[in-house]
Each structure stands twice: as C-alpha cells, then as structure tokens.
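Okay, so here's the structure we're looking at.
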Amino acid sequence: MRLATRNRLSSGGVLSLPLVWTFLFLFIPYAILFIYSFWEKKFPTFVPAFQFGNYLELMVDPQYVRVLLRTIKIAGLVSLLSLLLAYPYAYFLVHKVKRPGVKLVLYMAVVLPLWVSYLLRAYTWKTILGTQGILNSFLVSTGILSEPSSVFLYNQTAMVVTLTYVFIPFMVMPIYAALEKIPGSLTEASRDLGMSAIQTFVRVTLPLSMPGVIAGFTMTFCLSFGDFIAPFLVGGPDGMMIANVIATQFGAALNWPLGSALALVMLVIVLTIITLSDRLQGVGRGKYA
Amino acid sequence: MSEVIRIENLRKEFGDVIGVADVSLSIERGEYVTLLGPSGCGKSTLLRMIGGFEAPTSGTIWLDGEDVTDLPPNQRAVNMVFQDYALFPHMTVGQNVGYGLRVSGTPRAEIKPRVAETLSLVGLTDKADTSPAELSGGQRQRVALARAIVRHPKVLLLDEPLSALDANLREQMQVELRNLHNKVGLTFIMVTHDQSEALVMSDRVVVMRDGRVSQTGDPVSLYDAPANSYVADFIGATNLFASPVKASNGKIFVSCFGQELEIDHPAVDGVPAAERLFGFRPEKARLVRANGSVPQGNLLKGRLENVLYHGAMIRSVVVVGEGRILVDTLLDDTFDPARHAGTGDEVFVDIDPHKIMPFARDGAS
Ligand SMILES: Nc1ncnc2c1ncn2[C@@H]1O[C@H](COP(=O)(O)OP(=O)(O)OP(=O)(O)O)[C@@H](O)[C@H]1O
Ligand SMILES: [Mg+2]
C-alpha cells in the first residue's frame, strides 16, 4: 500500500518535471512572443499596443514573402538531397552489409558527427568551398582551373550542401530504423509470388519504409527551415533565410514586434508540417501481423 | 503418378556449419510430404533451397524435369507459406491474395474472381477488404495459404505452418490443410518438428538428422518398421536397450536391463553378436500384476513407479534393473481399474518376441 503511494508520488514527480520545464522554457517564451507580435514599432524602440500591423506588413512587403519562399525552397532542397543520399545508404546498410561490425561502423560514421559542434561542422564547408579551400586547391593543382574561384562559396548551393551535410543523420536514422523493421520474410514472400527484386522494392520495401522517409523528411525540413548559421557562414547576400531576418529584427533593427510576428508565422508553418506528417504516418503505417 | 521434384546430392554449407548434407529425394505429383526432424537438422534450409531462397553449395534441384537450381524464387513454379505468414501489412487480405496474380499475366478482370474463389476455398469470403492486422492467427494462416495456392504452383512449400497456433486450432488446421490438399490436388512439402503432426498429415515422411535423411517412408512403415533407433525414438515412444545377442535351443535371447527376453524378428540373424540396440513400442507390451505367482510369457520383472493418465490410455513407468520401461494400456471397455497395479507394486511386463525390433548400434541403419 505504502509502496503504491510512493510509486504514484514518484511517477508524479517524474512527470511534473518535464511539464514545469516545458511551461517555463517553451510555453512562456512563446506567450511573450505572441504578446509582442501585437506591439507597435515607435522609433527608436517599440511600445505596447494591440494591432495587426506587424502581420499585415509581413503579407504586404514582398521582401518577407520572398525570404519565406526562399527558406522553404532551400529546406525542401536540403530534405530532398538528404533523402536521395540517405535512402540508398540506409538500404545498403540494412540489406547489403552482412557483418554486424561493419554495419555498426558505417552507421556510426553517419551518427557520430552529431556529437561534434554544429558550428564546427558548418564551418568545415567554408574551408572546403572557400577560395583557399580544398576544392579550389584541388581544381587548381589538377589544372582544371587556372586560379581559385569564388563561385563555390556564398550562394544557395553552398547552403544546401552544408545544411544537407549537417542534417543528413536525421534522415538516415529513421529510414534505417524503418528498413530494419521490415521482416525479411515479406520481401521473400514477394519474390516467391513472382515479383522481381525491383518490383519487390517498389511494392513492398518502399511503401513499408515510408514512415521512416516521412519522419526523416519532416526533421530535416524543419531543422533547415529554422537554420540561421549556414546562411551566415556560407550563404552570401542572396542566402538570407527567415531565421536570419528574425535575428535581425531582434538585433540591429530593434523591431521586436515584427520579429515576434515572423517567429509565430514560422512556428505555425512548422507545426502544420509536423501535423501533416503525423497524419501521413498514420495512413502509411502498416502493423506487422 | 509422375515425379515433380527430384533432388540430387543437395548440400548447403554456412561457413563451417553444414545445414544440409548431400540429400537426395524424389517427390511424386500430388504427394503430401513432410520433412521431420529436431531443431537445427536442416529442414528449413532444404525447403528454402527448393523455394530458391538459399543457393545450394552443390547438388541439383529438378522441378518437373527442369533444372531450377540457379533460378531466383520468382522464376520457379513453387510457392511458400511462411512460418510467420509474411502477409503484407499495407495491403488488404484480397490484395495479399491477388498479389501473385498481378505479374503472372493474369488479365485484370480475372484476378478478382480468382481471389474470391480462393478465399472461399479457405473460408474467408467476407474478409477480402480486411487488413491482415485485424485477423486472428488462424485466419492469417488461411490468408497465407490462399495467397500461395492462388497461383496453382507445381509444389506448395510450408515451413512449420501450424507452429504459431494453439493446440486446438492446430488440430483443426491439420484436418483443414489435409482437406485442402485433397481438394486442390497440389504437391505439398511441409516442414514440422512435431512427429504426431507428420504422421497425421503426410503420405510420406522424410525424417532428417544432422542435415541428412535418416529414413523416408509412409507413416505406417515408419512407425512399425523404423530403420534405426533414431527414427524409432523420434517417432512415437520406444523402449530402447543395448544388448549382445545370444542363441540357445534354437531361440534367440537378448538382455534387457539384466533380464533375458526372447526375440523372434526376421532381421535378427541369430549369430551371436557384439552389442546391438533393441527396442519395442510401449503399446505392444502388456502389464501383468505379480500376485505372488509368475505368469506365463516373455517377461520382465519390475516395480511400477508411476502411472501417467493420457485420457484414451494410461502409460505405466516400470523400473526394470537400471532402466525404465514404458507400457501403454488402452482404456477401453475391457480395462478394469480394480485389477490394474498400483504404484510401488511388483509387476511383470509381457512382450511378444515378434515385437522386439533390432537396430544397428550407431543408428545408421
Ligand atoms: N543463414 C544461416 N547462417 C548460418 N547458419 C545457418 C543459417 N541458416 C541455417 N543455419 C544453420 O544450419 C542448420 C540447419 O538450420 P535449419 O534452419 O535448416 O534447421 P531447422 O531444421 O529448420 O530447425 P528449426 O526446427 O529450429 O527451424 C542449423 O545448424 C543452423 O544453425
Ligand atoms: Mg526451421
């Protein structure tokens, strides 16, 4: 009896800690942002108000819409590129690598970089793509270029490459898990019933690994959607993403209300994507009978 | 009848492990054959080589006169019922059953009726639009069966198809599978490690041991004339004992745990020999109460240690010298419990000299 009470108390304690945490560091900050988003910019700072001017400005001023579209485009490209690289890799790991030791090493090769500081990993690409970088040295030394070129750095391609490198583990992990979970007897049954290896992949493996693809796509998309370091390091003038704009509003521009409105728009977009992905997962999820 | 499968010297090695060691086998069209043996004896490996899921190390598989040894599974006219059923979770029951028809050149209009027909054959007419996850174990089993037979394969392979079912359902499915076999007239090759299942269901049983075929035969001959002590012990129960052979007065005697028994079996040649193995079935022996006097017969004297009730019969465990002898008694109308010995009683085991079977010592033959 006493044990049960203590269990209930301790489980209550265990649960309440993250709740308090979430409330303090997630809910309250968003509530503050929400309130700010109705305030008004009055030079040199801003004053409390209740008006929709900030939201209106976001819709009317084309530069915000442009940045938003660019951010969606870059996040989409990053997710797509990650998918194209991660799926074959995960498939190779699950189905072609027989030795468990080799499998572990190859899996860790993808996951381990997550332990290295994000900034460092993004910075790596600056040293690879820059005029003094590895790529240029290679091209010059092999005579393909006569002098180092600056076309590799400070553009959207550099951003996509960098962000893909940084976030690809989040694509590999769920796809690997999904592929690993498919019982081998299902692909064997498909072959047994007359399907070739390719038909089997299209009709059995791919649909059953969709939950992993959706999860990976959602994570890489949302993570790169909110990124502001890669644009800062390798992005250049046309590489600004929405998070950079928000940072500017809270910094140099000293327009917290507009920044808050932007942040909330971003939150809504991300939440919509997560909800959609959850729905899709529910549709695609087959229980292994 | 004609031969549908011929296996010649089929061998499969996994590194140092020998899964199947030079098996040769011929299977007739329409036969129900089971591969029987303990865990790890290579039954699944043999079946999977026939299905095309394992590449043999050496040897040949002929299917209907065609060498299919190196063909992938999708190019063999055999289908498999997997142990875990392997139903596609993202398809309905109907889609699962129709899956194999989509590639075999069956016109679309024909797929639906064929699926419906096959589903009705296994009693699942109303489940075509259900997801496999919503079915019971027995129903999933039937879907797996339907999916495999809808393509009319030359041979249907079944890897322990009933092992995931509980005892009652299992017995029911044994009968259903057998009926289905009679109805569709396909050749069935089934793997099982359950000897009673093999006896009940098959036309022919292939008993395997350590990757080899130990004996092949119909259930009756396997039971009545096991080729070796391994088969005798694996199929049904057998009282086994080792003994030299002794001839005297034109009769032949063996020693069962220190007591002499007469044996009169055509396979025992009467030449006194070094130690061999002998055995008799528990139900061939008779239990006789001592009652102070020694009854007539070919007798072992012992003490009744235990009586195990099996419903239709009882199994008496008799301690004879160093060993234990099992005697089964049918509980029919002639059985009188009052006259049956109780535990601890002195008893005699009476065994007909014809019913004692000789085996080679090493179990090779
Ligand atoms: N893929 C494999 N890799 C290595 N060894 C294997 C493999 N498959 C089977 N074996 C080995 O081959 C032998 C035969 O295995 P198999 O699965 O055919 O046995 P089985 O008779 O079906 O047993 P069970 O009743 O347990 O299913 C075993 O020793 C097993 O360990
Ligand atoms: Mg097996």
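The values are calculated or read from the model by the stated rules, or taken from the named source; none is laboratory data. These figures come from a predicted structure and were not determined experimentally. All Cβ positions, even for glycine, are placed from backbone atoms using ideal geometry, and neighbour counts span all protein chains on display. What goes into the accessible areas is simple: the full protein's heavy atoms, side chains included, and nothing from ligands, DNA or RNA. Shrake-Rupley method; radii C 1.70, N 1.55, O 1.52, S 1.80 Å.
Which one of B:52, B:219, A:261 has its Cα pushed farthest toward the positive end of the charge dipole of the protein assembly as shown, where Lys and Arg give +1 and Asp and Glu give -1 at the Cβ?
Projecting each Cα onto the dipole axis, the largest value belongs to A:261.
All other residues with a Cβ under 10 Å from the Cβ of residue B:44 taken together, and with Lys, Arg as +1 and Asp, Glu as -1, what is their net charge? Before the final figure, lay out each step's value.
Working: positive: B:43, B:48; negative: B:54, B:159, B:160.
Charge balance in the 10 Å sphere: -1.
At a threshold of 8 angstrom on Cα-Cα distance, excluding pairs fewer than six apart, so keeping six or more, what relative contact order does chain A reach in percent?
Values: 308 pairs, mean separation 75.7, N = 289.
Taking the mean separation of contacting Cα pairs over the length of chain A, I get 26 percent.
Select from B:277, B:162, B:26 the residue farthest towards the positive end of the dipole of the protein assembly as shown; place +1 on Cβ of Lys and Arg, -1 on Cβ of Asp and Glu, and compute about the Cα centre.
Sorting the options by dipole projection puts first B:162.
Can you pull out the buried accessible area for chains A and B, both sides counted, probe 1.4 Å, rounded to the nearest 100 Å²?
On the way: alone 17280 and 17400 Å², together 32610 Å².
The contact between B and A buries close to 2100 Å².
Over region B:3-232, what is the relative contact order in percent, taking alpha-carbon pairs closer than 8 angstrom and at least six residues apart?
Numbers: 447 pairs, mean separation 63.9, N = 230.
Relative contact order here is 28 percent.
So what is the relative contact order of region B:1-98, in percent, for Cα pairs below 8 Å that sit 6 or more residues apart? Provide the component values of the computation, followed by the final result.
Values: 136 pairs, mean separation 26.5, N = 98.
Once normalised by length, the contact order is 27 percent.
With +1 on each Lys and Arg Cβ and -1 on each Asp and Glu Cβ, how big is the dipole of the protein assembly as shown about its Cα centre, in debye rounded to the nearest 20? Could the numbers behind the result be given before it?
Details: 57 positive and 57 negative charges, 470 e Å.
The dipole of the protein assembly as shown has a size of about 2260 debye.
Enumerate by residue number the chymotrypsin sites (Phe, Trp or Tyr not before Pro) in region A:33-84 meeting two conditions: DSSP loop (anything except H, G, I, E, B), and at most 13 other Cβ atoms within 10 Å of the site's Cβ. Walk me through the intermediate numbers first.
On the way: sites: A:34, A:36, A:38, A:39, A:46, A:50, A:52, A:55, A:64; in loops: A:38, A:39, A:50, A:52.
Hits after loop and neighbour filter: A:50, A:52.
On each of the three principal axes of the Cα atoms of chain A, give max minus min coordinate, whole Å, ordered largest first.
Reported extents, whole Å, longest axis first: 81, 73, 36.
Under unit Cβ charges (Lys, Arg +1; Asp, Glu -1), what dipole magnitude, rounded to 20 debye, does region A:55-287 have relative to its Cα centre? Don't jump to the answer; show the numbers that get you there.
Values: 15 positive and 9 negative charges, 158 e Å.
Magnitude of the dipole: close to 760 debye.
How large is the charge dipole for region B:242-365, taken about the Cα centre, if only the Cβ atoms of Lys, Arg (+1) and Asp, Glu (-1) carry charge, to the nearest 20 debye? Working shown, then result.
On the way: 14 positive and 17 negative charges, 32 e Å.
Here the size comes out at about 160 debye.
For the protein assembly as shown, report the accessible area per residue in Å² (1.4 Å probe, heavy atoms, rounded to an integer).
On the way: 32610 Å² over 654 residues.
On a per-residue basis, 50 Å².
Please go through the residue pairs B:43/B:183; A:181/B:183; A:98/B:12 and name each one whose alpha carbons sit more than 28 Å apart in this structure. Spell out each step's value before the answer.
Numbers: B:43/B:183 26 Å; A:181/B:183 37 Å; A:98/B:12 18 Å.
Where the Cα-Cα span goes over 28 Å, the pairs concerned are A:181/B:183.
Once every DSSP H run of n ≥ 4 in chain B is given -39500 (n - 2.57) and the sum is divided by its residues, what mean residue ellipticity at 222 nm do you get, rounded to the nearest 500 deg cm²/dmol?
Numbers: 8 runs with 79 residues, N = 365.
Here the helix-only value at 222 nm equals -6500 deg cm²/dmol.
Of all the stretches in chain A, which is the longest one without any exposed loop site, taking trypsin sites (Lys or Arg not before Pro) in a DSSP loop (any state but H, G, I, E, B) with at most 15 other Cβ atoms within 10 Å? Each step should come with its number before you reach the end.
Working: sites that count: A:98, A:285, A:287.
For trypsin sites (Lys or Arg not before Pro) (loop position, at most 15 other Cβ atoms within 10 Å), the longest site-free span of chain A is A:99-284.
Give the separation of the Cα centroids, region B:177-241 to region B:284-323, in Å.
29 Å
Kindly express, to the nearest 10 degrees and within the range 0 to 90, the angle between helix B:167-184's C-alpha long axis and the longest C-alpha principal axis of chain B.
60 degrees
Among B:15, A:86, B:349, whose Cα sits farthest toward the positive end of the charge dipole of the protein assembly as shown (+1 at Cβ of Lys/Arg, -1 at Cβ of Asp/Glu, about the Cα centre)?
Of B:15, A:86, B:349, it is A:86.
List the equivalent ellipsoid semi-axes of the protein assembly as shown in whole Å, largest first, each obtained as the square root of 5λ for an eigenvalue λ of the Cα gyration tensor. Could you put the intermediate results ahead of the total?
Numbers: eigenvalues 1081, 184, 129 Å².
Computed over the protein assembly as shown, the values are 74, 30, 25 Å.
Could you work out how far apart the two model spin labels at residue B:220 and residue B:291 are, taking each label as a point 7 Å from the Cα in the direction of the beta carbon, and quote it in nm?
In this crude spin-label approximation the distance works out to 3.6 nm.
Which net charge results for the neighbourhood of residue A:195, defined as the other residues with beta-carbon distances under 15 angstrom from its beta-carbon, given Lys and Arg at +1 and Asp and Glu at -1?
Details: positive: A:191, A:203, B:76, B:102, B:147, B:151; negative: A:188, A:192.
Its environment carries a net charge of +4.
Using the alpha-carbon centroid of each, what span in Å lies between region A:209-230 and region B:329-353?
77 Å
Sticking to Cα atoms, compute the Rg of region B:3-232 to one decimal and its Dmax as the biggest Cα-Cα distance, whole number, in Å.
Expressed in Å, the Cα Rg and Dmax of region B:3-232 come to 17.5, 56.
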